[in-house]
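Here's the structure, in structure tokens; my notes come after.
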Amino acid sequence: MKNIKNICVIGDGGWGTTLAVLVAKKHYNVTIWGAFPEYIETLKITRDNIKFLPGVKIPDNVKFTSVMSDALRGSELVVLAVPSQYMRGVLNMLKMEDLSDKLFVSVTKGIENSTLKRMSEVIHEVLGKLSLSVLSGPTIALEVANGSPSTAVAASEDISLACEVQRIFMTDRFRIYATDDVVGVEMGGSLKNIIAIAAGAVDALGFGTNAKAALLTRGLVEMVRLGVAMGGKTETFYGLSGLGDLTTTCISQYSRNRWLGEEIGKGKKLKDLLNETDMVVEGVVTAKSAFNLAKKYNVEMPITSEIYKVLYENKDPHSAVHDLMTRAPKIEGRK
């Protein structure tokens with residue numbers, strides 16, 4: 001592995017900014033690229049990402065730019081931190097630049113709607129063969145930025161690359177594990193957002209902890225079913241990027257997906273909610289992809305199916321709960 005000194009973060013959202021702050025405190029030179037020049041100029045002045053990570057001071061050794069070539073110049077490591085629905089467009093910009101000898105880390109959770117591809121698949125499709133790792137886990141950005149003890153997992157088919165990413169990002173407050181199960185890590189990080197939307201609706205409907213426990217347990221079953229059908233390892237889903245991320249996203253007050261589900265449970269419309277926030281709610285996009293993947297792989301995912309119908313077919317959440325609870329009896333542990 002080459003000596004990493006300069007890191008480029010593609011994406012000025014909350015998680016990209018958090019990781020930039022984290023490695024800057026480890027004395028790496030960091031540049032954040034953002035798509036909107038006016039906001040980048042604001043970040044240069046305020047050094048506070050008020051839209052996506054308010055109140056977190058951004059160190060002086062973090063630079064900002066809206067020019068892709070400037071962001072990449074001299075960087076040995078590129079962190080891809082843009083929302084899944086914008087990933088391909090940003091990658092098409094990246095492929096015009098010199099990417100030789102650079103390591104890449106994807107920290108985006110999601111599945112592309114049009115192709116049903118995971119983010120690492122999209123990255124390889126657009127940029128070709130390159131050194132790529134995935135970083136995912138139960139990581140609420142503000143908590144990591146504020147130094148709350150947190151964990152994540154780095155995944156790469158080349159385990160030595162996963163271990164290098166582990167070394168770069170790990171601190172005494174951010175513990176990283178390594179694995180070679182890229183499929184499992186990406187699917188866990190993506191699918192849990194759908195269950196989090198359901199968790200928010202459960203909270204809004206006032207169903208209590210019994211319902212929340214049932215949702216998380218059966219939601220995890222669905223995540224395992226689809227993830228394993230696509231090539232992931234069962235044990236990965238019981239680790240940080242599966243059960244860990246699912247738990248955090250379903251209970252955190254900072255979870256965008258849980259918030260959206262709660263608002264829908266109160267009777268608000270999806271279109272209005274998405275217009276209310278600058279944040280991207282990944283579970284909305286992922287619900288459509290997962291619904292179609294379940295059909296493609298012939299996997300039973302009743303919770304995911306009901307969330308899809310609530311989001312895209314205007315199904316009433318009460319009716320969705322009724323239909324889930326009155327399905328044919330099952331024997332636990334059997335497919």
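Bear in mind that the values in this text are calculations on the coordinates, not laboratory data. Everything quoted here is computed from the prediction, not taken from an experiment. All Cβ positions, glycine included, derive from the backbone under ideal geometry; neighbour counts span all protein chains shown.
From its DSSP helices (H runs of at least four residues, each -39,500 (n - 2.57)), the chain gives a residue-normalised ellipticity at 222 nm of -15000 deg cm²/dmol. Helices of the chain meeting both criteria, an alpha-carbon length of 18 angstrom or more along the long axis and an average Kyte-Doolittle score not below 0.5, with helices taken as full DSSP H segments, are 182-205, 208-229. In terms of other Cβ atoms within 10 Å, 164, 157 run from fewest to most in the order 157, 164. Plugging the Kirkwood radius over Cα pairs into Stokes-Einstein for segment 183-325, at a temperature of 37 °C and a viscosity of 0.692 mPa s, what D comes out in µm²/s? Reported coefficient: 223 µm²/s.
Pairs of Cα atoms under 8 Å, at least six residues apart: use those to get the relative contact order of segment 1-154, whole percent.
Values: 270 pairs, mean separation 35.3, N = 154.
Computed over segment 1-154, the figure is 23 percent.
The separation of segment 283-325 from segment 195-215, counted between C-alpha centres, amounts to 15 Å.
Fewest-first ordering of 108, 171, 209, 151 by other beta carbons within 10 Å of each residue's beta carbon gives 209, 171, 151, 108.
Sorted into 10 angstrom bins from 0, the C-alpha pair distances of segment 1-60 split as 23, 58, 16, 3 percent.
Out of every Cα pair in segment 16-157, what percent are spaced more than 25 Å from each other?
Details: 2638 of 10011 pairs.
The proportion of pairs with Cα distances above 25 Å equals 26 percent.
Taking 4 °C and 1.567 mPa s as conditions, the chain diffuses translationally at an estimated 64 µm²/s according to Stokes-Einstein applied to its Kirkwood radius (Cα pairs).
Footprinting exposure proxy ranking of 96, 170, 223, fewest other C-beta atoms within 10 angstrom first, gives 96, 170, 223. For the chain, the relative contact order comes to 15 percent (Cα pairs under 8 Å, sequence separation of at least 6).
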